[in-house]
Amino acid sequence: MDEDLERVLALSLQESRANASSSRAISISDSEDDDDHDFQSELQQAIEASKAETLRSTTQSVHDSEPPSQSSRSTPAASFLSERAQMERERLERLKRVRGQDADDGGPSSKRQHVSSSEIRANGRANNPALLNPLYQLLSKCSGMANYAQQPTSIPEPRQDGKPTFRLTEVLGLKSDISFAIIASYSTSVSWIYEFFAPSTPVIIVAQPDQSGQPTIRNVLPNWVMTAPFLRNGRGCQHMKFMLIFYKTGRLRVVISTANLIDYDWRDIENAVWLQDLPLRSAPIPHDPRVVDDFPSVMQNVLRAVNVRSALANMLTNDHPNLPLQTVSDLRTKWDWSKVKVKLVPSIAGKHEGWPNLILTGHTRLMKVIRDMGLRTGKGKAAKDLVIECQGSSIGTYSTQWINEFHWSARGESAEDWLDEPKARRAKLPWPPVKVIFPSLKTVHDSVLGEPGGGTMFCRTNQWEGSKFPRELFHDSNSAGGRVLMHTKMIIATYRQKKSIFEMGSQSKGKGKEVSDSETEPESDIEIQNEPIGWAYVGSHNFTPSAWGTLSGSGFNPILNVVNYELGIIFPLYNAKDVERVSCFKRPARKYVSGQDRPWIQEESQLLRQIQQS
């Protein structure tokens, strides 16, 4: 165990219940018993070793924006890189068993790499303090953000766009005020995130399943339980990033983020976070099983899907019978959600069949919330077309059929109409007005951290050079905050007057003729008083089929297959100022120049390869 974990364990010794909880493992199945025994043995050894540490290590404050001391850089970074490499090797092996080939798209790539800040500095590029911790609060007329005041961090220089930035400590609040937390992340440094909570605070952490893809629960530290959801055939990943922070006053803070629970994501690259505080009701409302579509009901479904319900039951039984959340259903009945105006959009990994299931997950859930907000583009002569700008950190395997399928849902149009169109016609549609926002090689090279900092951006050579790959849709991803790379996943959708894609196709003179360079035409945003001009998405979804799902079946009996667990929010945009305030990337995004621009591709970076091999 590394020095950070030893320090964490030393901190936990200050609590009276640490020894009791550390000796009690959660039994899941016979196959898990040996793992739990080995873990508890290692844990006890680490606890004994940590007793020799001085009191200084137990009283140091933790600041997520402060660089680690020289003595703490090498071991934690090496440990983190080793754990991440092993995680990705296991994921790649799962995909090979399922597909017999290399990993496809689906969120984080099988080649995902992080390079520590110390390694970056050693290669001649120092961090720019003006661009650190660029997580900012999302604001819109309906986002209900008044419950959390804006507070800039203490960095010496502001972002170029003047937007506020936040430390993780500000997102969480005082550790002494927290009574319980449920947190989720694709990648987690447990020893790092542990120090943001008091050692006595119970925490459930949602993490990655093992190679089997079976749901698991186990103790990972005193008062901490790690749970993992089911993945069909071990394929895909748990990619959600959220927090439910329960405070001793009764208040609940809901956080939807694009950042992993690792120091790198909160220090070296740009992410976004939405949060809202909810008061405790004066008295619980009755449980209503008929309500399945509002924010808390969807969130409850998410918690069940990622195996939090089982972890909560075990925690209540074993160590913490007085948690503020006694059942998952308490989430809706005990807290007041009336001021939450954003819509929650999850993707739940698996095969979903039938309309009641489809409208709760993936891009068909997106379709449903677009309709609920009155943002459907409509049909016929009065139809408004939708330009969508999809910014993310991973590129998928695209076809005209899937991008049009997604765009159909983004317009709020029913998948029933889409699936009733002949397959042959769907497969030959031109590209819809979609912009894929992804950093070019030049953007990564010119960023503060340079190519060594590009370890969280994923596009593959065989994708980019594919004969039918939509290179003409690509636009450069440049942060409005400065020369920092963005790990945000965002969609900016704005209306314009235009006929539907099927009407356009039927009126084209030549078969297979593309819409006339629609993604590069000037946008004429419609600004009507009190009427939205579009909407925005922020969350964990990259613009990939694995994240949003792929449709099959018929309009009568649709099927959506989803590979990943994802989570994000949707809210309306009312005017151009809203668009600019929300967008994390510079608009209008610069279109790639054919023959000159190329996306950042990790496997083609000689410098990154040298660092990884050193």
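The values are calculated or read from the model by the stated rules, or taken from the named source; none is laboratory data. Values in this document were obtained by computation on a predicted structure and should not be read as measured data. Cβ placement follows ideal geometry from the backbone for every residue including glycine, while neighbour counts extend to all protein chains displayed. In case anyone asks, the SASA skips ligands and DNA or RNA and just uses the protein heavy atoms, side chains included. Shrake-Rupley method; radii C 1.70, N 1.55, O 1.52, S 1.80 Å.
How much length is gained if the chain between LYS379 and LEU280 is pulled fully straight, taking 0.36 nm per residue apart and subtracting their Cα-Cα distance, in nm to one decimal?
Fully extending the segment from LYS379 to LEU280 adds 31.3 nm.
Under the 0.36 nm per residue contour assumption, what length would be gained going from the current alpha-carbon distance of ARG304 and ASN322 to full extension?
Stretched fully, the ARG304-ASN322 segment lengthens by 4.5 nm.
Determine the gain in length on full extension of the stretch GLN596-ALA576; use 0.36 nm per residue of separation and subtract their C-alpha separation, reporting nm with one decimal.
Between GLN596 and ALA576, full extension yields 4.1 nm more.
At a probe size of 1.4 Å, how large is the accessible area of VAL292, to the nearest 10 Å²?
Looks like 80 Å² after rounding.
Modelling each spin label as a point 7 Å along the Cα-to-Cβ direction, I'd like the PHE469/GLU603 distance in nm, to one decimal.
The two pseudo-label positions are separated by 0.9 nm.
Of LYS334, LYS175, which has the most accessible area with a 1.4 Å probe, and how do the rest follow in descending order?
LYS175, LYS334
Determine the distance separating the Cα centre of segment 395-470 from the Cα centre of segment 182-252; give it in Å without decimals.
So the two Cα centres are separated by 31 Å.
Output the peptides 428-439, 468-479 sorted from most to least packed, where packing is the average of other Cβ atoms within 10 Å over each peptide's residues.
Put in order of decreasing packing, that is 428-439, 468-479.
Got a sec to turn the phi values of segment 190-198 into Karplus ³J(HN,Hα) couplings, 6.51 cos²θ - 1.76 cosθ + 1.60 with θ = phi - 60°, whole Hz, x for Gly and Pro?
The phi angles translate into 4, 5, 7, 5, 4, 6, 8, 10, 5 Hz.
Using 28 Å as the Cα-Cα cut-off, could you pick out the over-long pairs in LYS175/LYS577; LYS163/LYS381; LYS343/LYS379; LYS343/LYS489; LYS343/LYS591?
Long pairs (Cα-Cα over 28 Å): LYS175/LYS577; LYS163/LYS381; LYS343/LYS591.
From the phi of every residue in segment 217-223, what ³J(HN,Hα) in whole Hz does the Karplus formula 6.51 cos²θ - 1.76 cosθ + 1.60 yield, where θ is phi - 60° and glycine or proline is x?
Ordered by residue, 3J(HN,Hα) equals 9, 6, 6, 10, 7, x, 6 Hz.
Which loop-located trypsin sites (Lys or Arg not before Pro) does segment 543-614 contain, where loop means any DSSP state but H, G, I, E or B and the Cβ has at most 16 other Cβ atoms within 10 Å?
ARG590
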